[in-house]
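The values are calculated or read from the model by the stated rules, or taken from the named source; none is laboratory data. It should be emphasised that the depicted structure is a prediction, and the values quoted were computed from it without experimental measurement. For neighbour counting, all protein chains shown are included, and Cβ atoms are generated from backbone atoms with ideal geometry for every residue, glycine included. Note: accessible area is taken over every heavy atom of the protein model, side chains too, but ligands, DNA and RNA are not part of it. Shrake-Rupley method; radii C 1.70, N 1.55, O 1.52, S 1.80 Å.
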Amino acid sequence: MQNKPYSWIPTLYFAEGLPYVLVMTLSILMFKQLGISNTDIALYTGWLYLPWVIKPIWSPFIDMFRNKRWWILLTQFVIATGLAGIAFFIPTTDFFRWTLAIFWLLAFSSATHDISADGFYLLALNSGDQSLYVGIRSTFYRIAMITGEGGMLMVCGFLEKRLGTAVRAWSTTFIIAAVVMLLIALYHLTALPRCEKENTTTYTARLVWKELAETFVSFFRKPYFLSGLLFILFYRLPEALLAVSTRLFMIDGAEQGGLGLSTANVGLIQGTVGVLALLAGGILGGIAISRKGLKYWLWPMVLAISVPDAAYVFLSFHPSSSIALIGTLVGIEQFGYGFGFVAYTIFLMYFARGEHKTSHYAFCTGLMALGMMLPRMVSGALQEILGYRIFFVVVLVLCGVTALVAWSIHFEPDFGKKEK
């Protein structure tokens, strides 16, 4: 039935996840196949994280202009148009500049959509339904990730063989993505309920900035702030360095030290096997901490997020064309990342406790994005200077930073453990 939660929650969160993976992941592989250097790919796509870094700053201003339903619809139509724009500019001689500019537009639109969709979810549902549908929203967000990095890449690989060129294949792939987003936006015109009351509160930019400043100052006064900040910024340092380079490693040929996989096979390994393993690791990690608490599982999770990075060291020294072997190693690495990442998210919840909890958690997620953005920007240049072998060895050594910041944090021993 129209306007029932099950009629719009799956599509809303699919629409939240798809643009993110297209901007942050598919852009890497597209630029690689269209001849952009690893240094430029990592640097410029790293900047695309910025909207999520500063999202906590501009999110309070959204309610000042229109309601969340309006913002959801606007950003979905903008995203659909932007994807079509990328498809249009890919065949042009100055494609890098124009498509990168549109990816910037998509990044800001996607981050704004995240803010609006999550707020709309809280407004449209009562507390019971919020709990009931939280699993569904998460599932369809992950389905969007598999569709974007797995399905779209495999479609692109198929089109590359049929159409004969990477340019035509990528252009057609983004047309398909644009049509999908347009259909979702049109559906949401009637499917999204009109549940928001007219806002009678008078907001001013000055008032919002004042409240934001007070919340910001209180964030920096948290106990053990420095150790918590270092943990948030550097716990995922190795993974931030690997985010771009592992995908480029799979595409690059043997002469560049890579594996030389096809677009379709990268989609299968990273976008399907990798994402499913990531999900499994996250689910198991959540169950583990709920039973024993963060203190009990912190160091196993540190090892889980660190040691499997050796898979890329192995593959760089012993290149293989076996999809089964590569898929298994990537699956193990992504499972470990999913399992180890749970300790990170639980600590963010712990660190954000107290007054202004919601705003402080938003600051934490902004710092989390910053911790991914900066290493990602330099990873391409570092990889091209060192070569894949030495680069992956350096990343493995830097897992010691993960252990160091984990050792420095302070938290209650049973935090995260489910009460009996």
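Looking at segment 263-282 only, could you name the residues that are open to solvent by less than 50 Å² (accessible area, probe 1.4 Å) and in contact with a Gly (Cβ under 6 Å, 6 or more places away or on another chain)?
Correct list: THR263, ALA264, GLY267, ILE269, GLY271, THR272, ALA277, LEU278, GLY281, GLY282.
For the subset of segment 151-169 comprising residues that are of a type in the set (Gly, Ala, Ser) and farther than 16 Å from SER27 by Cβ, which member is surrounded by the fewest Cβ atoms within 10 Å (Cβ to Cβ)? Walk me through it before giving the result.
Start the filter on segment 151-169 by keeping residues that are of a type in the set (Gly, Ala, Ser), which leaves 151, 157, 164, 166, 169.
Adding the requirement that they be farther than 16 Å from SER27 by Cβ leaves 151, 157, 164.
On the way: GLY151: 18, GLY157: 21, GLY164: 10.
Here the answer is GLY164.
On the basis of being aliphatic (A, V, I, L, M) and surrounded by fewer than 18 Cβ atoms within 10 Å (Cβ to Cβ), does LEU315 make the cut? Full working, then the answer.
Values: aliphatic (A, V, I, L, M): yes; surrounded by fewer than 18 Cβ atoms within 10 Å (Cβ to Cβ): no.
When the stated conditions are applied, LEU315 does not pass them.
So ILE79 fits all but one of (1) touching a Pro at 6+ places or on another chain (Cβ under 8 Å); (2) at pLDDT below 90; what number is the exception?
Against the list (1) touching a Pro at 6+ places or on another chain (Cβ under 8 Å); (2) at pLDDT below 90, ILE79 comes up short only on (2).
List every residue pair whose Cβ atoms sit under 9 Å apart, with the two residues 6 or more apart in sequence or on different chains, where the first one lies in segment 33-56 and is more than 20 Å from VAL266 (Cβ to Cβ) and the second, anywhere, is among the basic types (Lys, Arg) and not in a helix (DSSP H, G or I).
If the second residue must be among the basic types (Lys, Arg) and not in a helix (DSSP H, G or I), no pairs are left.
When you go through ALA80, ALA124, ALA101 one by one, which is the residue that is surrounded by 18 or more Cβ atoms within 10 Å (Cβ to Cβ) and either touching a helix residue (DSSP H, G or I) at 6+ places or on another chain (Cβ under 6 Å) or more than 30 Å from LYS4 (Cβ to Cβ) (or both)?
Values: ALA124 fails: either touching a helix residue (DSSP H, G or I) at 6+ places or on another chain (Cβ under 6 Å) or more than 30 Å from LYS4 (Cβ to Cβ) (or both); ALA101 fails: surrounded by 18 or more Cβ atoms within 10 Å (Cβ to Cβ).
It is ALA80.
If you check GLU333 against the conditions, is it among the acidic types (Asp, Glu) and open to solvent by 50 Å² or more (accessible area, probe 1.4 Å)? Break it down into steps so the answer makes sense when it comes.
Details: among the acidic types (Asp, Glu): yes; open to solvent by 50 Å² or more (accessible area, probe 1.4 Å): no.
Here the answer is no, as GLU333 does not meet what is asked.
Can you name the residue in segment 245-262 that is small (Gly, Ala, Ser) and in a helix (DSSP H, G or I) and, of all such residues, is most open to solvent (accessible area, probe 1.4 Å)? If you could, list the steps in order and put the result at the bottom.
First, pick out the residues of segment 245-262 that are small (Gly, Ala, Ser): 245, 253-254, 257-258, 260, 262.
Still in the running and in a helix (DSSP H, G or I): 245, 254.
Values: SER245: 1, ALA254: 86 Å².
Within segment 245-262, the match that is most open to solvent (accessible area, probe 1.4 Å) is ALA254.
Working only within segment 19-60, note down all residues that are within 21 Å of ILE251 (Cα to Cα), among the small types (Gly, Ala, Ser) and assigned to a helix (DSSP H, G or I).
Scanning segment 19-60 gives SER27, ALA42, GLY46.
Could you look through segment 61-77, keep only residues that are free of Cβ contacts under 8 Å to residues at least 60 places away in the same chain and not in a helix (DSSP H, G or I), and pick out the one that is most open to solvent (accessible area, probe 1.4 Å)? Full working, then the answer.
So the first thing to find is which residues in segment 61-77 are free of Cβ contacts under 8 Å to residues at least 60 places away in the same chain, and the list is 62, 65-66, 70-71, 74-75.
If we keep only those that are not in a helix (DSSP H, G or I) too, we end up with 65-66.
Values: PHE65: 115, ARG66: 155 Å².
The qualifying residue most open to solvent (accessible area, probe 1.4 Å) is ARG66.
When you go through LEU294, LEU230, LEU242 one by one, which is the residue that is under 16 Å from TYR344 (Cβ atoms), over 20 Å from the mean Cα position of the chain (by Cα) and open to solvent by less than 20 Å² (accessible area, probe 1.4 Å)?
On the way: LEU230 fails: open to solvent by less than 20 Å² (accessible area, probe 1.4 Å); LEU242 fails: over 20 Å from the mean Cα position of the chain (by Cα).
The unique qualifying residue is LEU294.
Quick check on my filter: what residues within segment 345-394 are over 30 Å from GLN256 (Cα atoms) and open to solvent by 60 Å² or more (accessible area, probe 1.4 Å)?
MET349, ARG353, GLU355, HIS356, LYS357, THR358, TYR361, listed by residue number.
Looking at THR215, is it surrounded by fewer than 21 Cβ atoms within 10 Å (Cβ to Cβ), outside any helix (DSSP H, G or I) and modelled with pLDDT under 80? Write out each step before concluding.
Details: surrounded by fewer than 21 Cβ atoms within 10 Å (Cβ to Cβ): yes; outside any helix (DSSP H, G or I): no; modelled with pLDDT under 80: yes.
No: the conditions fail for THR215.
Being outside any loop (DSSP other than H, G, I, E, B), free of Cβ contacts under 8 Å to residues at least 12 places away in the same chain, within 16 Å of ALA277 (Cβ to Cβ) and not polar (S, T, N, Q) narrows it down to one residue among LEU329, LEU325; which is it?
Numbers: LEU329 fails: free of Cβ contacts under 8 Å to residues at least 12 places away in the same chain.
LEU325 is the lone residue from the list that is outside any loop (DSSP other than H, G, I, E, B), free of Cβ contacts under 8 Å to residues at least 12 places away in the same chain, within 16 Å of ALA277 (Cβ to Cβ) and not polar (S, T, N, Q).
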